[in-house]
1. Of the numbered conditions (1) more than 30 Å from residue 186 (Cβ to Cβ); (2) in contact with a helix residue (DSSP H, G or I) (Cβ under 9 Å, 6 or more places away or on another chain), residue 116 satisfies every one except a single condition; which is it?
2. Answer with yes or no whether residue 430 is in contact (Cβ under 8 Å) with a residue 24 or more places away in the chain, under 26 Å from residue 470 (Cα atoms) and either aromatic (Phe, Trp, Tyr) or assigned by TED's automatic domain parsing to the domain that holds residue 326 (or both).
3. Pick from region 378-398 the residues that are out of contact with any Ser or Thr (no Cβ under 7 Å at 6 or more places or on another chain) and in contact (Cβ under 8 Å) with a residue 24 or more places away in the chain: which of them is nearest to residue 337 (Cα to Cα)?
4. Could you please find all residues in region 32-54 being at pLDDT 85 or above and either among the acidic types (Asp, Glu) or part of a strand (DSSP E or B) (or both)?
5. Could you identify the single residue in 354, 403 that is at pLDDT below 80, crowded, with 19+ Cβ neighbours inside 10 Å and not polar (S, T, N, Q)?
6. Only one of (1) surrounded by 20 or more Cβ atoms within 10 Å (Cβ to Cβ); (2) in a helix (DSSP H, G or I); (3) touching a Phe, Trp or Tyr at 6+ places or on another chain (Cβ under 7 Å) is not met by residue 224, so which one is it?
7. Can residue 472 be described as within 20 Å of residue 178 (Cα to Cα), among the small types (Gly, Ala, Ser) and either in a helix (DSSP H, G or I) or touching a residue at least 40 places away in the same chain (Cβ under 8 Å) (or both)?
8. Can you name the residue in region 80-101 that is over 17 Å from the mean Cα position of the chain (by Cα) and part of a strand (DSSP E or B) and is also surrounded by the fewest Cβ atoms within 10 Å (Cβ to Cβ) among such residues?
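The values are calculated or read from the model by the stated rules, or taken from the named source; none is laboratory data. As the structure is a computational prediction, the values presented were derived from the model and not from experiment. Neighbour counts run over all protein chains shown; Cβ positions are idealised from the backbone, glycine included.
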Amino acid sequence: MNQPNRRYIRILAMLACLLILLFTPLTGGLEGGKAAAEGSTLIMGTSPDYPPYEDVDAKGSGEIIGLDIDIAKAITEKLGYELEIRSMDFNGLIAALQTERVDFVMSGMSVTEERKQSVDFSDNYYQARNTIVSSADKPFKSMEELQGKRVGVQLGSTQEQAVEGLDATITRLNKIPDLIQELKSGRIDAAIVEDAVAAEYAGSNSGLALEYLPAGGDGYAIAFPKGSELTQAFNEQLAEMKASGELDAIIDKWFVDDDKTRSEAFLDFGILKGYVPYMLEGVYVTLLFTIVSALFGFIWGFILTLFKISKVTPLRWFATAYTSVFRGTPLLLQLTLIYFATPQLTGYDISALMSAGLAFGLNSAAYLSETIRGGILAVDRGQREAAMALGIPYKTTMIRIIMPQALRTILPALVNECVALLKESSLVSVIGVQDIMRRANIIQASEYRAFEALIFAGVIYYVLVLILTSLAKMLERRLRRSD
């Protein structure tokens, strides 16, 4: 039994080293919004799923492009700053400003009195109109006709506020493509969308009808943290760009007629041409995140297990309370708290990928600690008693005698946890991590079609899970042969 035990020790040592190597790149290279503002870089927050204002050039450079991006680049260049762009969900942009993760936000954001309570706004740079998007078979011509109907809006958008007084069933979703899909599937009767975006979707879907509503509000503007010194500087540059015609030239560049022929077929995987390399790049991010989370979760879960079986009462209490908290609260809540709260509590600007690895690792450890504890308790108690009688130290007993046998018992449960981590990794897209799911959503927004990119993403996940389970079976057979 001595040779297999040495193998286990080497495996654990290699896993620990791999965890350190993988985790190291996640901890550096990103500075906070406040820190960046003090140097030569400004960080802009945006939700790149709203063409033509912001989108990802998935077929080309992979960079975020659009009307808002060009305006931001022009202003920051005039002010002598470098521009860094951070991607995140639209409903997290205000929180990013308040926690100083970004210096300013441009994301087709309308000025409202409610938002003015939380952030400062620049002068407006574009005036958009709300548009009713409905089925061509049953179009709606006014807001009054939507009374008593099912209406969809983007969460956190000005359209959400536009329907506050409407006597209707309101559906709030994070992304415009999801709203259009809800409309096409018949779950809602109409959606309220900004005019340029609505026109793009109508051009791609002949079954949609548009009704432009009267312009109102203060238009789109740049958002800053309360009291930011950048507000006045940006306003001065916006005024100069309006006077010189530069702003109009940027707007005309992005608001041109799209003569691209779009397929009306229910499924047309031809639209994925050119996007495949972009999607496959997300595999690396997903696997990196999954490996880091799994290793961290296993190591920390093993430590928690030792706490739970320890004779030291405070350690048992801590491990029990920890497991209760992390199993009793949603993983998405833990992820967003770590991402947004860490800069405020510690002053450290934790990266999105590191936040995801930490949140999933901490959560996974709570479940794995119970799995590992069950495996240890399943080992015959007589072996521990025999080790004690022979004078073998407790640490040596656990590493060389108990854990190798426990691992054989819990291996299927460990594989299930890894599979769950791989699939649940899609949650990290809400904080802007460019994983497989996030990239599929970006393709949705670019092509105005819902299913093709999602099906392709599902195939990638399924293949990854098959590979993982095959490797686990090979390991299980090898462990059996070593008995």
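1. The failed condition is (2).
2. No, not satisfied.
3. It comes out as 398.
4. Listed by number, the residues that qualify are 41, 42, 43, 44, 45, 46, 54.
5. Result: 403 is the single residue among 354, 403 that is at pLDDT below 80, crowded, with 19+ Cβ neighbours inside 10 Å and not polar (S, T, N, Q).
6. Status for residue 224: all satisfied but (2).
7. The answer is no for residue 472.
8. 82
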